[in-house]
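Heads up, the thing below is written out as structure tokens.
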Amino acid sequence: MELSGSKSTGLAGCRGVRLAYGSTIALDDVSFAVEQGETVAVTGPSGCGKTTLLHVLSGLLRPDAGEVYFESEDFSTRSDAARSRLRLTSFGFVLQFGDLVPELTLRENVELPLRVTGTRAPVARRRAEDLLGELGIGDLADRQAGAVSGGQAQRAAVARALVHEPRVVFADEPTGALDSGSGEAVLDCLFAAARERGAAVVMVTHAPEVAERADRVVRMRDGRVLQAVTVR
């Protein structure tokens, strides 16, 4: 099914994707596209395939059929190492609980994507500190991740997702573990920082008020796309 209001191609997406776990169909002929600088919220009931779609789009899962592309190139048939490299260099991730390393400082957590790809330590440190400052938690850079609030940790997770200048940020319930005030602040940071860098955001959420912050809302049920609505 092609998305209403969506182009057949974009910065990233998929065409005719199917994926099953045994006899359970997780994704059923799903097509999806996100443009540069666009924010898309993927919504629907639990078990409808939202997170599975996110994992397919980011190369964490291979579909049984269909294409998954980034910058017009199908990467679904690439090796695990090649897809891992793509995630390290071109994609960023924000998860529900942040998944920061609690023993490391916020700065050290944010530096990780840069250090893994060989960026020199002084450069990684400066870029991490600059981004933490941009997101309003620069004064907490030397504090361990396990010693800050949930909202502060999630801002650091946003910084970690963006520090290597990814083209697409995948966010899975990024505000699900936060109170409404902290959640709105984290979304403000995520969307503003991503738009400033021209990055697309694909976000899974159960919350209608969170979905309405995106440019477009894609609704799923039973592994299929039911509707795509342009919000702004």
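Every number here is computed from the coordinates shown, using simple stated rules; none is lab data. Since the structure is predicted, the reported quantities are computational estimates derived from the model, not experimental observations. Don't worry about glycine lacking a Cβ; one is built from the backbone with ideal geometry, like all the others, and counts go over all protein chains shown.
May I ask you to list the GluC sites (Glu not before Pro) in the stretch 21-96 that are in a DSSP loop and have at most 14 other Cβ atoms within 10 Å of their Cβ? Here the sparse-neighbourhood loop sites are Glu71.
Taking the helices alone, the chain has a mean residue ellipticity at 222 nm of -10000 deg cm²/dmol, built from -39,500 (n - 2.57) per DSSP H run of at least 4 residues and averaged over all its residues.
The string of couplings for the stretch 43-59 from the Karplus curve (6.51, -1.76, 1.60, θ = phi - 60°) is 10, x, x, 4, x, 7, x, 4, 5, 4, 4, 4, 5, 5, 4, 8, x Hz, one whole number per residue in order, with x for Gly and Pro.
Annotation for the stretch 67-81 versus the stretch 89-135: alpha-carbon center distance of 25 Å. Give the Debye-formula value of log10 I(q)/I(0) at each listed q (0.17, 0.18, 0.19 Å⁻¹), with one equal scatterer per alpha carbon of the stretch 100-232, two decimals each. Cα-only, vacuum Debye calculation for the stretch 100-232: -0.89, -0.98, -1.06.
DSSP finds beta bridges in the chain, and of those with both partners inside it, around 55 percent are antiparallel.
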